[in-house]
Amino acid sequence: MSEAIPLLKVHGKHKPYAAIFLSGGGSNAEQLLLYLESLDSKPLTIRALVTDAPETSNARALGKRFKLPVIESDIRKFYMERGETRVSIATEKGQQIRTEWTNALRKQLAPLKLDFAVFAGFVPLTNLTQDFPCLNVHPGDLTYLKDGRRFLIGLHTIPIERAILEELTSLRSSVIIAQTYTGMGSEMDNGLLLGMSGEVPVDLQGQTLHTFMEDMRKRPSRRPKGGFADTLEEVAKHNQERLKQDGDWVVLPRVVCDYAEGRFGTDSETGKLMYKIGTKWHAVQAIQYTKDGRKELIP
């Protein structure tokens with residue numbers, strides 16, 4: 001007979017230790033910290049903020065505001081010191097440097113004794129996922145499949161661009177347990193899905209599918225530094241910001257808390273997701289979190 005295996009075993013020694021990883025403005029990290037501040041009893045302890053971009057991210061300001069230490073590991077500087085002008089894993093050398101950078105960061109993180117991590121707008125692909133669970137918020141509905149595979153995956157604005165080209169009328173944010181990458185990184189989006197936001201309508205800003213298809217036709221095979229700078233990408237960025245506010249900020253804090261409380265598990269026989277309500281476990285595809293505070297089981 002199958003049973004539920006908790007993804008995070010909650011023990012009495014201390015509340016789970018976590019760190020929040022961020023690369024840019026840190027709005028997702030900020031919303032998570034504000035949510036935790038609003039709770040009478042916090043289900044986890046945030047040990048630090050971690051950033052790969054100390055000079056340009058908002059990590060230092062958030063650390064000062066929320067009285068948290070900041071761990072810095074400048075990935076761009078790390079690559080430059082090794083003769084690379086681009087932070088990338090598209091080449092064998094780039095992948096080797098990424099491994100070296102990850103190992104250096106591991107040493108900085110070791111004293112924290114983390115139970116899990118939260119990727120809140122953390123850009124670099126990293127195999128810290130081998131060390132502890134890493135919850136990642138993703139700008140795509142990971143229940144949307146094509147040929148039996150998740151379709152709205154990828155880096156940057158790719159998931160939203162795919163949704164637009166599919167003529168989907170709404171978007172969702174998903175929270176998954178990020179997987180180890182082996183190449184370009186899209187496999188990281190195939191981790192166990194935990195939670196989803198409600199639907200956020202797509203805003204095409206008056207543009208047409210024909211325009212977007214023309215943009216795709218004209219694009220070079222390799223994404224230029226800074227992006228493609230075409231209409232499709234700009235409309236996707238606009239929708240990504242809307243999805244962040246009505247999707248990421250809704251689902252990420254609440255999944256993190258549910259995870260820390262040991263509410264997520266997997267079926268011992270099938271490996272499928274289970275969610276705990278009271279003392280009873282329920283088989284689910286994911287949990288949907290809505291802006292009005294409700295949770296809905298997606299069977």
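Quick notes on this structure:
- Exactly one residue out of R172, R217, R242 is farther than 30 Å from H14 by Cβ and free of Cβ contacts under 8 Å to residues at least 12 places away in the same chain, and it is R217.
- Tally of residues being assigned to a strand (DSSP E or B), hydrophobic (A, V, I, L, M, F, W, C) and surrounded by 14 or more Cβ atoms within 10 Å (Cβ to Cβ) across region 284-299: 3
- Considering only residues in region 139-192 that are among the β-branched types (V, I, T) and at pLDDT below 90, the one that is farthest from E92 (Cα to Cα) turns out to be T180.
- Of residues in region 113-130 being modelled with pLDDT of 95 or more and over 12 Å from the mean Cα position of the chain (by Cα), the one surrounded by the most Cβ atoms within 10 Å (Cβ to Cβ): D115
- Residues in region 71-117 that are over 16 Å from Y17 (Cβ atoms) and hydrophobic (A, V, I, L, M, F, W, C): I75, F78, M80, V87, I89, A90, I97, W101, A104, L105.
- The requirement of being modelled with pLDDT of 95 or more, of a type in the set (A, V, I, L, M), under 26 Å from L49 (Cβ atoms) and not in a helix (DSSP H, G or I) is not satisfied by A110.
- Per the conditions (1) surrounded by 14 or more Cβ atoms within 10 Å (Cβ to Cβ); (2) part of a helix (DSSP H, G or I), the sole criterion not satisfied by R217 is (1).
- Answer residue from region 233-275, given it is in a loop (DSSP other than H, G, I, E, B) and among the hydroxyl-bearing types (S, T, Y) and is nearest to G140 (Cα to Cα) among those: T270
The values are calculated or read from the model by the stated rules, or taken from the named source; none is laboratory data. All figures in this text were calculated on a predicted structure; none of them were measured in a lab. Positions of Cβ are backbone-derived with ideal geometry, glycine not excepted, and every protein chain shown enters the neighbour counts.
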